[in-house]
Structures are given as C-alpha cells and as structure tokens.
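Written below as structure tokens is the structure these notes are about.
Values quoted throughout were computed directly from the atomic coordinates according to the rules given, and no laboratory measurement underlies them. It should be emphasised that the depicted structure is a prediction, and the values quoted were computed from it without experimental measurement. Using ideal geometry, Cβ is built from the backbone for each residue, glycine included, and neighbour counts are taken over all protein chains shown.
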DNA sequence: CCCGCTCCTGACCATCCGGTCAAACCTTAA
DNA sequence: TTAAGGTTTGACCGGATGGTCAGGAGCGGG
C-alpha cells in the first residue's frame, strides 16, 4: 500500500495480509488481535506474515496510514465554490456511504481513537486538525454570507462524523434494536440525516 | 456491586478493583487488558484480584451489568406525560452529562459494542431493544399529535446516542482538533445539540 | 537444464498471560 | 491472649504470544 510491491505474489499476499489484519484489528483492537489469528484469516503461516511485514505494529500502521486518505477524502471534496447546503449534504452522503461500504475501516479507526490514538496522534493533531480548521473557515464564510444558519462549525463537523460513523461502529446495536424487520438501516438513516441537516442549516 | 460485600476491606478492595478495571478495560478492551495491569492500577497483587473475583471475565461482566442501569436511566426518565420537546431536550442533556462525567464508562460500552457485544448481546436484544421500542412509540405518539416534527423515531434515538457519546468515545480526537484554546468542549457541545434538536423537531 | 533469488515453513525462543495453591499474614472477637 | 477466619502473596503452571532462524521449496531467466 505504501510501497508498490514488485512481484505478483508479493502484491497478492500483502493484500491478503492487510485484508485479514483489517478484519481482526477492527474487531479486537491492536492489543486484542494476534498474529496467529491474522495469519489464519489470511491463509498464511505466521512466519510468512513476518516475511512481508517486519512486525505486528507495522501491519497496523500500514492499515492506519492507508485509511487516513480514504477517510479524509470526502471532507477534502467539500468545495468552497459550491452551493453550501448541497456541498454539506454531499459530504454527509459520502461519509455515510463510507460507513456502509467500509464498516471495518471505521471500526479500526474507532478502536485506535478509543485507545487514545497511540499510533495516530501525529496525523490527528496535524493533517486532520488542519483540514478541519480549513473547512470550518469555509463553513463560517458561508454562515457570514447568510447562506446557511449559524452554528458552531467544528461541532457541525463533529456531528457529521458522529452520526455517520455510528452506523458502522455500533452496527451490532443498530441491528439488534431495529430487529430482523429492517435488515439494511442505511436508506432510512440517509433520509433521516438529510432531514436533520436540512432543518439545522436552513436560513 | 452486584452482591453487597460483607466487610469494610472487601468493600474497599472490590471498589478499587472495579475502578482500576474500568480504567484499563475502557482503554484496551477486554482482550487487550491484562490482569497484571488492572492489579497494578488497583494497587493490589494479581492473586489478590482473583481472591475477590473468580476471573477476568467476571470483573468485566460485573462492570458491564453495573453500567447498563446507569446508561439506560436517562431514557427511562423520558416522560410520556411531559412536554415533548422539553422531555427530549432533558434526555439529550442528561446523556451529554453522562459522557462528560463518565467517559470511561462510555468507552467501555463502545469497546464492547465494537467487538460485537459478545458479553452484552442478551441485554441489547432484550432490555435495550424493548426500552427503545417503548420510547419510540411515545415519540411516534407525540408526532401523531403534531407536537414535534415527524422523523424516524428510532433513528432519532440513535442520533442522540451518537452525538452525545461521540464526545466521550472520541475524546482524544475532539481535543486534538479543538486544540488548547478550548479545554472543555461540553458547554459548546450542549449549545450546539440544543440548537440541532430544536430545529429538527420544531413543528 | 541450472543457477540465483524469492517465497515459505517447522522448530524454536523468551516473554507474557490467566489462573492456582500453599503458606504466611492480619484482624477480630471471645 | 488466643484461636479462628478473613486477607495477602511468592512461587509456580500450562498455554498463548510476538518474533527468529536455518533451511527447504518454488520460480524465472539465462
């Protein structure tokens, strides 16, 4: 992911390892996951894992840094030149799609933050903070123009994160509460969030 | 906690163990936490832990079942006879106060759900689901009366959970993004959530 | 066909983990 | 004061865990 693998075998096995590691790390967190478990899911032997990655931590870090880009991309794409409500709604929709399509990635991230972000502090205090401040400025600008209602821009972003990630991170709870009747909560969630932000931001 | 301890020493040590276990479990999850770590935080020896609790799992279960009551209490207190918006706002406020005052409990819960709720499935599919359905009916009743706007009642409850717990579970991220300038995000968060739900539910 | 390099594995290691146990220590109440 | 019962601990156990290593298997180019 970080460095292009040379051979086809390296490509295939590295991907299999990262895929398996995502499965295991996202469910048990870094300390709760074991190399044996990852190796079994990947269909490789443990020493073979360590042929491709120097350590358990290296696998984790590779996953996290690969994640950061995908994760921040929707916010990056919020265009200052666009129509404000439309841009925000598009951001919410993309973020909700990430939760639906990549729930394990969301849980991996959640696990890392829950544990105090020992391997992501830097990225959070740097890249993430800078991006949020940039986009908060955009939101504030839109508010000054009177094109959306005035609310705390950073908390607005927090609320988008919280509401969308909830469906991935608390997946089990959501499904348990909704029961068998509603196997896919995302269509309803999308409608609900659209209403919520439309009413919150209407001028 | 579940059974009243007889002597003063038992009382004191059991509490110290549960306090330490909360600290460790909430940060590392069940599998990531170790008895040695809990023992060290509690200021006791590992065999002494196992004098008071039969196993690591027993400590975890005790914490979780003790938590369930506190956690559901604010929703229980949403009164069908009260003024709808007032009741919902009170629920949001109480839930946010729980996040502020008991962030470790929130993270313990989040960890458990993230890991597929292996030790809480029963409580979630039973107690929690029943309570949500009961209160969703109340919300639907209020909507039928035209006293609050019509939105999906269960997703409304989800959104309250997501928005309030976010400040406890993603504490590190919130603080990192807000920076040193805003040491306590809760006053602003309270105001923001008040606005959000007022606008969402206004008729 | 063979050589060199990539890929893979069984065996192994030190450490850590949850948990046990017998013995020692401490408190209390008669 | 003493004995009984509650409390604490060092030493230990079997199994898991992250990681190493020497060597074998497989592959690709000449």
Cα long-axis angle, helix A:186-201 against chain A (0 to 90 degrees, to the nearest 10): 40 degrees
Give the nm distances, rounded to one decimal, from residue A:11 to the matching residue in every other copy, measuring between label points 7 Å along Cα toward the beta carbon; shortest first. 6.9
List the distances, in nm to one decimal, from the label point of residue A:34 to the label points of the same position in every other copy, shortest first, placing each label point 7 Å from Cα along the Cα-to-Cβ direction. 1.5
In whole angstrom, how far apart do the alpha carbon centroids of region B:58-75 and region B:82-109 sit? 15 Å
If the label for residue A:191 sits 7 angstrom from Cα along the Cα-to-Cβ line, what are its distances to the same label in every other copy, in nm to one decimal, shortest first? 3.5
Using Cα springs under 10 Å in a Gaussian network model of chain B, which residue among B:109, B:30, B:158 shows the largest mean-square fluctuation? B:158
Comparing B:93, B:104, B:147 in a Gaussian network model of chain B (Cα, 10 Å), the one with the largest mean-square fluctuation is B:147
Chain B: relative contact order from alpha carbon pairs under 8 Å, six or more residues apart, as a whole percent, is 22 percent
Simple spin-label estimate for residue B:58 and residue B:149 in nanometres, 7 Å along Cα-Cβ: 5.2 nm
Taking neighbour counts of Cβ atoms within 10 Å as a proxy for exposure, in what order, fewest first, do B:164, B:62 appear? B:62, B:164
Arrange the following residues from fewest to most other Cβ atoms within 10 Å of their Cβ: B:24, A:138. A:138, B:24
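When N is the residue count of region A:1-54, what does its C-alpha Rg come to as a fraction of 2.2 N^0.38 Å? Walk me through the numbers before you get to the answer.
On the way: Rg = 10.9 Å, N = 54, 2.2 N^0.38 = 10.0 Å.
Dividing the Cα radius of gyration by 2.2 N^0.38 Å gives 1.08.
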With everything on Cα atoms, drop me the angle between helix A:103-114 and the longest principal axis of chain A, reported from 0 to 90° to the nearest 10. 90 degrees
Cα-based helix-to-principal-axis angle, A:153-169 vs chain A, degrees rounded to 10: 50 degrees
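When the convex hull of the C-alpha atoms of the protein assembly as shown is computed, what volume per residue in Å³ does it have? Intermediate results must be reported in sequence, preceding the final value.
Values: hull volume 65.4 nm³, N = 406.
Considering the Cα atoms of the protein assembly as shown, their hull volume per residue is 161 Å³.
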Just for the Cα atoms in region A:63-201, what are the lengths along the principal axes, largest first, rounded to whole Å? 45, 38, 20
